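What follows is a short report on a single structure.
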Amino acid sequence: MSLVILILQLALFILVLPIILLNFIGIWDRIVKKIFPFFMAHFTETYNKSMDGIKKDLFSNLSDFENDLKEINLLEIGCGTGANFKFYPNGCKITCLDLNPNFQSFLSKSQAESNHLKFEDFVVASADNMSPVPDASMDVVVCTLLVCSIPNTPKILDEVWRVLKPVSFSFFVPIYLIICFYTSNLQR
C-alpha cells in the first residue's frame with residue numbers, strides 16, 4: 001500500500017512541477033491573471049442564468065439609496081466581468097474595483113450591454129486596501145463571490161465602512177450564501 005501512495009505522490013509532484021517552476025521564476029501569477037478573466041467571462045454567463053431571479057431580488061431595493069441628485073454612487077468590489085451590471089437601477093454611477101487589471105478589457109462588453117449605467121472609473125486595488133477610493137464617497141458597496149477568498153475579511157469591512165457615506169448600504173454575498181439561495185430555489 002505504501003508503494004502505491006509513493007507512486008501517486010510522485011505522479012502528483014510531476015503534474016504540478018511546471019506550476020512550481022513557473023511560480024519559482026515569478027511568472028505563474030501573470031499567467032493566472034491572464035487566464036482567469038477568460039474563465040470568468042464564460043462562467044458568468046451560466047451563473048447569471050441560474051441566479052437571475054435571486055439577483056433581481058437581491059438588488060431590487062438599490063433605488064432606496066439614491067442621493068439628493070437621484071443618483072447612486074456604487075462601488076463594486078471584485079467586479080470581474082461585470083456580472084451584476086444588468087441588475088442595477090438606471091442612473092447608477094459605477095466605480096469598479098478589481099485586483100486583476102486584465103478584467104478591464106472584459107468589462108467593455110458588460111458596459112456596452114448596460115447603457116442604463118454611468119461608468120466612472122476602474123480602480124486596480126485590493127479589497128482590503130481601497131486607498132484610491134475616497135472616504136465617504138459611495139452610497140452602495142456591492143461585493144459578490146469575493147469575501148470568502150480574501151484572507152483579511154475584517155480589513156475589507158473596515159475599508160467598506162470608510163468609503164460608504166453615513167447613510168448607505170453594502171451587499172456582501174459570500175459563495176456559500178449564494179449556493180444556499182440557489183439550492184433552496186431549486187427545491188421549490
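The values are calculated or read from the model by the stated rules, or taken from the named source; none is laboratory data. These numbers come from a predicted model, not from an experiment. Here the Cβ is made from the backbone with ideal geometry for all residues, glycine too, and neighbour counts use every protein chain on show. To get the accessible areas, we keep the full protein, side chains included, count just its heavy atoms, and leave off ligands, DNA and RNA. Shrake-Rupley method; radii C 1.70, N 1.55, O 1.52, S 1.80 Å.
A few points about this structure:
- Listed by chain and number, the lysines whose C-alpha is less than 26 Å from the C-alpha of K56, apart from same-chain residues fewer than 8 away, are K70, K86, K93, K109, K118, K165.
- Relative to the longest principal axis of the Cα atoms of the chain, the long axis of helix 103-113 lies at roughly 40 degrees.
- Nonpolar atom fraction for the chain, defined as the carbon and sulfur part of the 1.4 Å probe accessible area, stands at 64 percent.
- Mean projected area (nm²) of the alpha-carbon convex hull when the chain is viewed from all directions: 14.3 nm²
- Region 35-133: GluC sites (Glu not before Pro) falling in loop per DSSP and having at most 15 other Cβ within 10 Å: E71
- Angle between the chain longest axis and helix 153-163 axis [Cα atoms, degrees, rounded to 10]: 30 degrees
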